[in-house]
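Report on the following structure.
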Amino acid sequence: MSYFALCFVALAPPLLLFLRPEGALYWLDGSLGWSASLSSYAALLWPLVILFLNRRHFPRRAWRALRDGAARTGLVLVILLHCVALFAPLLETHPPAALGDSITERFQAPSSEHWMGTDLLGRDLFSRVIEGSRVSLTIGVLTVAVHLLLGVFVGGVAGYAGGRLDGLLMRFTDLLLAFPRIFLLLAIVALFQPSSWMIILVLGATGWMGVARVMRGEVLRIRGMEWIEAARALGIPRWRILLRHILPMAASILVAQAALRIGNVILTESFLSFLGLGVTDPDVSWGMLIRGGRAAMLGAWWVSTFPGLAILLTVVAYNLLGDGLRDAYDPKLAAEGGGA
Amino acid sequence: MMESRLLSVEGLRVAIDGGGRTIHAVDGIDFEIGRRVSMGLVGESGCGKSLTALSILRLLPKPAVRIDAGRIVFEGVDLAALPEGELRAYRGKRIAMIFQEPMTSLNPVYSCGEQIAESLRLHEGLSRREAAERSVDLLDRVRIADPSRRAKEYPHQLSGGMRQRVMIAIAISCSPRLLIADEPTTALDVTVQAEILELLESLRESMAMSLLHISHDLAVLARSAQQIMVMYAGKIVESARAERLFEAPAHPYTLGLLACRPELGSKRLRLPVIGGRVPDPGDRLPGCAFADRCPFVQERCRVEEPPLRMLADEHVVQCFEAERVLAAERWPVDV
């Protein structure tokens, strides 16, 4: 039952989109174009991917996780945030890129006309924060997808092959971990033209090592189980054992990892954008909005504060959800009858 | 003209590397399994019987355990020398295996039907639907009631005996020529055990396959095996037809195993015990591995290893004192 409920939650947004075609048009016409529509697809695919990987034991485990009030709050907030990103054009009170009069409309305090005030160029901050959720969430979700792809591949192969290949892959992972990531990020971003896609690639390529380690540990644990030996005795090829018999067992922990990571990635992206090395106009991200308020922080506090709160809310939401999922999948906690 | 032999193992040695030394857990064994034969392999824990079974399909845990020497010829092909990719065509297709623990040998995330269908689709190239239909037939064949419902159930919903039946259904799904059953009934209760043994026997008959049944329990093999091999410390010390082995054991270890079975109606209050323990394969002395525990031991048993001798038709034993053992009515050191 709960499975269908979650499927409905995941499928509701595109159905609503069919009901409001003018919203969809506006959205595809917007300056963000394909990046924004990808955000919505990522938002849609995400719960579906979770459901697919965990289709066997998803309902029971998930509901145990969601019995925990904090985790449930996290899930509701995450769904809300993705809905905001999805329906941004319908929620925005002003076109987010529209400039206001440079004398009368710059740095206006929050009012009934501009709910979060305006920025240096007189643009409506509320609309820009809403618009920023698209890029920030897209980068969060897609970067973590890159982490999962690379990490699961490297960790899975290392754990399953063992021996020299394992040593080689994991030492390479250690090497990347030992490298100061911030400098690496700054160097790469400074070398190339910054853009949202560049940020996703760079953050993705420099952050997968933790996933690889978790995945390798899981594979080592699951590989020793008897049904894996039984599968080998049936002549099932190795890649198939890894994909069909080991990966679904590791999926639960990976899902919890992913949820925790999204918050983290959004923080890193904000940091890069704040330095001016991340997302650039015409795209809008929360880190970039904070940067826009830096010069007038004392006078026009709202310009940096509201995007900051949006980041805070997102990171907290993902962390609550991730913590709840991790606890639910922890066999030690499970043995105590599901905890609180 | 087909060969009467299905499998012949020649001079198989399995080495375990660890702690800077190499020990031979299986130390040069030879045996043959004919077609449509039920062969038993008995021995205590750690004697190398499971390693023997695993090495036939080369499932030994790499890299610590490996086949050191020997040939494993199945239908004229040496499996020990075959590349991994070609070996996969044998695993599950022509040689299938059943494991001891039905609780953990099934993958908990797939339904029973899906697990049977997986090997059918892989080896027989059946479509999803055909494989699903066949898996229901197979469940019926291993005498599971209401097979179409059970096919949709997950392993945790089934009892131990039923899971073992599902394992058997997976094993016979591609009509293998040889079925290796490694302690298939050890984890089950006695009544279920009898049913499973009977099922295996009737499937062996009807599907014209051979069975290599590994057990630590001679009583279990007495029911099912036509030919029995006794393994001790990595070697096959005696091999004979089942009736002959029970009537006239010629190796002191076999005699001891038979003696320590409880018998209904016996007046003895205590069962005899084979004293001592299996020597550590790492510091094995020259001579017979059983010498330290053997009531028939002679001087030369500790000096040189006895050769395999043919006592009668199909009765082979590795003991200098086999004639004395044959003459002895029962285990001489009763407690």
Of the residues A:His114, A:His147, which single one is over 24 Å from the mean Cα position of the chain (by Cα) and buried (at least 21 other Cβ atoms within 10 Å of the Cβ)?
A:His114
Of the residues that make up region A:194-204, is at least one among the hydroxyl-bearing types (Ser, Thr, Tyr), in a helix (DSSP H, G or I) and either touching a residue at least 60 places away in the same chain (Cβ under 8 Å) or crowded, with 20+ Cβ neighbours inside 10 Å (or both)?
yes
Here is a list: A:Arg238, A:Arg232. Which entry is in contact with a helix residue (DSSP H, G or I) (Cβ under 9 Å, 6 or more places away or on another chain), within 15 Å of A:Gly162 (Cα to Cα), of a type in the set (Lys, Arg) and within 14 Å of chain B (Cβ to nearest Cβ)?
A:Arg238
With criteria (1) surrounded by 15 or more Cβ atoms within 10 Å (Cβ to Cβ); (2) under 23 Å from B:Ala242 (Cα atoms); (3) modelled with pLDDT under 90, B:Glu314 comes up short on (1)
State whether one or more residues within region A:158-165 are more than 14 Å from chain B (Cβ to nearest Cβ), of a type in the set (D, E, K, R) and assigned to a helix (DSSP H, G or I).
no
Of the listed residues (A:Leu120, A:Leu81), the one being in contact (Cβ under 8 Å) with a residue 60 or more places away in the chain, surrounded by fewer than 20 Cβ atoms within 10 Å (Cβ to Cβ) and within 24 Å of A:Pro307 (Cβ to Cβ) is A:Leu120
Candidates A:Arg232, A:Arg240 - the one that is out of contact with any Pro (no Cβ under 8 Å at 6 or more places or on another chain), surrounded by 18 or more Cβ atoms within 10 Å (Cβ to Cβ) and under 30 Å from B:Leu179 (Cβ atoms)
A:Arg232
Looking at A:Leu247, A:Leu254, can you tell me which residue is surrounded by 20 or more Cβ atoms within 10 Å (Cβ to Cβ) and either within 14 Å of another protein chain (Cβ to nearest Cβ) or part of a helix (DSSP H, G or I) (or both)?
A:Leu254
Would you check which residues across region B:74-119 are more than 8 Å from chain A (Cβ to nearest Cβ) and in contact with a Ser or Thr (Cβ under 6 Å, 6 or more places away or on another chain) and list them?
B:Gln100, B:Gly113, B:Ile116, B:Ala117
Check whether at least one residue in region A:168-179 is part of a helix (DSSP H, G or I), modelled with pLDDT of 90 or more and of a type in the set (Phe, Trp, Tyr), and report yes or no.
yes
Going through region A:269-288 one residue at a time, which ones are within 19 Å of the chain's Cα centre (by Cα) and either within 16 Å of A:Arg123 (Cβ to Cβ) or surrounded by fewer than 23 Cβ atoms within 10 Å (Cβ to Cβ) (or both)?
A:Phe271, A:Phe274, A:Val279, A:Asp283, A:Val284, A:Ser285, A:Trp286, A:Met288
Residue that is nearest to B:Lys93 (Cα to Cα), among those in region B:115-130 that are part of a helix (DSSP H, G or I) and of a type in the set (S, T, N, Q):
B:Ser119
Is one or more of the residues making up region B:41-51 surrounded by fewer than 19 Cβ atoms within 10 Å (Cβ to Cβ) and touching an Asp or Glu at 6+ places or on another chain (Cβ under 9 Å)?
no
Hey, does region B:131-143 have a residue that's farther than 30 Å from B:Val14 by Cα and part of a loop (DSSP other than H, G, I, E, B)?
yes
Scan region B:56-71 and give yes if some residue there is surrounded by 18 or more Cβ atoms within 10 Å (Cβ to Cβ) and within 12 Å of the chain's Cα centre (by Cα), otherwise no.
yes
Qualifying helices (runs of 4 or more DSSP H) (wholly inside region B:147-245; at least 2 residues being charged (D, E, K, R) and surrounded by fewer than 20 Cβ atoms within 10 Å (Cβ to Cβ))
B:190-207
Just one of B:Arg302, B:Arg309, B:Arg270, B:Arg284 is closer than 17 Å to B:Leu258 by Cα and among the charged types (D, E, K, R); which is it?
B:Arg270
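The values are calculated or read from the model by the stated rules, or taken from the named source; none is laboratory data. Bear in mind the structure is a predicted one, so any value in this text is a computation, not a measurement. As a convention, Cβ positions derive from the backbone with ideal geometry for all residues, glycine included, and neighbour counts pool all protein chains shown.
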